[in-house]
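The values are calculated or read from the model by the stated rules, or taken from the named source; none is laboratory data. No experiment lies behind these values; they were computed from the predicted model shown. Positions of Cβ are backbone-derived with ideal geometry, glycine not excepted, and every protein chain shown enters the neighbour counts. Surface accessibility is based on the protein's heavy atoms, side chains included, excluding ligands, DNA and RNA. Shrake-Rupley method; radii C 1.70, N 1.55, O 1.52, S 1.80 Å.
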Amino acid sequence: MPAPLTIVIPTLNAAESLPGCAAALMPGLQAGLIRRLVVSDGGSQDGTTRMAESMGAQLVQGPAGRGAQIARGVAAADSPWVLILHADSWPGDGWVGAVETHLARHGDSAGWFRLAFRATGAAPRFVAGWANLRSRLFSLPYGDQGLLISRELLAQVGGVPDLPLMEDVALARALRGHLRPLEGVIYTGAGRYLTGGWLRRGARNLWTLARYFAGVSPERLARDYRR
């Protein structure tokens, strides 16, 4: 039986993160779970595309914008399931079994991982704890928690929203009632929090989410986010 899963990674100047992500995915290749790795690049200038090709990934290129990049990556998949990952979010030990269990038992649902940071201390634990609580209580996982979804279900909810920011929130809202936590952890990079401060960065993310729910356009949010 062909491997059931394509990994889709949207990238923009992610050369430093991709090797760690690829290493974390190796157990899936060894288990015969992964059929293809698709890197959907948005114009990287740091060697990301060369890195992707050296990893044996299928490279898809186009304008920057995470929603559109993910959609192009999913379009390149030829497997029934896709796992959408950020380049700096690396599945932890046991992720293969968690995915296989979901595929066998929950074919009508999408799955997300519990979040942890590749950082130590109370602040990373607090921020990750809030993210996991938000995901369970409000069915609102973010993109850095990964998204395991069948291409059939993704098509049913209208595909990946073509948004420059908040595409993960929009997709989670479209999947309400079809989201289920995976029995695994994903470890994401803490660089932005270490640079901007855990409290300040967390408050900024909450403010961006509140503005999105209040109706501010993703285009305006993206401009503000980049600043």
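For the chain, with a Gaussian network of springs between Cα atoms less than 10 Å apart, report the residue from P63, P91, P124 with the top mean-square fluctuation.
Most flexible of the set in this elastic network: P63.
Where both partners of a DSSP beta bridge lie in the chain, what percent of those bridges are antiparallel, to the nearest 5?
Details: 8 of 30 bridges.
Percentage antiparallel, nearest 5: 25.
When only alpha-carbon atoms are used, what values of Rg and Dmax, in angstrom, describe segment 86-192?
13.6, 41
To the nearest 10 Å², what's H178's accessible area with a 1.4 Å probe?
For H178, the solvent-accessible surface is approximately 70 Å².
Picking from L85, L209, L103, which is most flexible by a Gaussian network model of the chain using Cα springs under 10 Å?
Its mean-square fluctuation being the largest, the pick is L209.
Just to make sure I understand: if all protein chains stay in place, what is the order of M55, M26, M166, M1 by accessible area at 1.4 Å, largest first? If you can, show how the numbers build up before the last one.
Details: M55 55, M26 85, M166 20, M1 220 Å².
I get M1, M26, M55, M166, largest accessible area first.
May I ask you to list, by number, the DSSP H helices of the chain whose Cα span along the axis is at least 20 Å and whose average Kyte-Doolittle hydropathy reaches 0.0 or more? Write down the numbers at each step before the final one.
Working: long enough: 122-138 (23 Å, 0.23); 198-213 (23 Å, -0.49).
Span-like helices in the chain: 122-138.
Have a look at D162, D46, D144 and tell me which one the Gaussian network model of the chain (Cα, springs below 10 Å) gives the largest fluctuation.
Its mean-square fluctuation being the largest, the pick is D46.
Please report, in debye to the nearest 20, how large the charge dipole of segment 143-213 is about its Cα centre when each Lys and Arg carries +1 at its beta carbon and each Asp and Glu carries -1 there.
Values: 9 positive and 6 negative charges, 72 e Å.
The calculation lands at about 340 debye.
Once you compute Rg and the Kirkwood Rh from C-alpha atoms, what is the Rg to Rh ratio for segment 34-154?
Values: Rg = 15.4 Å, Rh = 15.8 Å.
So for segment 34-154, dividing Rg by the Kirkwood Rh gives 0.98.
Can you give the translational diffusion coefficient of the chain in µm²/s, computed by Stokes-Einstein from the Kirkwood radius over Cα pairs at 37 °C and 0.692 mPa s? Display every interim value, and only then the final one.
Working: Rh = 17.7 Å.
The estimated diffusion coefficient comes to 186 µm²/s.
State the dimensionless ratio Rg/Rh of segment 146-217 (Rg: radius of gyration of Cα atoms; Rh: Kirkwood radius).
On the way: Rg = 14.6 Å, Rh = 14.4 Å.
Radius of gyration over Kirkwood radius for segment 146-217 works out to 1.01.
Note down the Stokes-Einstein diffusion coefficient of segment 124-181 in µm²/s, whole number, using a Kirkwood radius over alpha carbon pairs, 20 °C, and 1.002 mPa s. List each step's numbers first, then the result.
On the way: Rh = 12.0 Å.
Approximately 179 µm²/s, per Stokes-Einstein.
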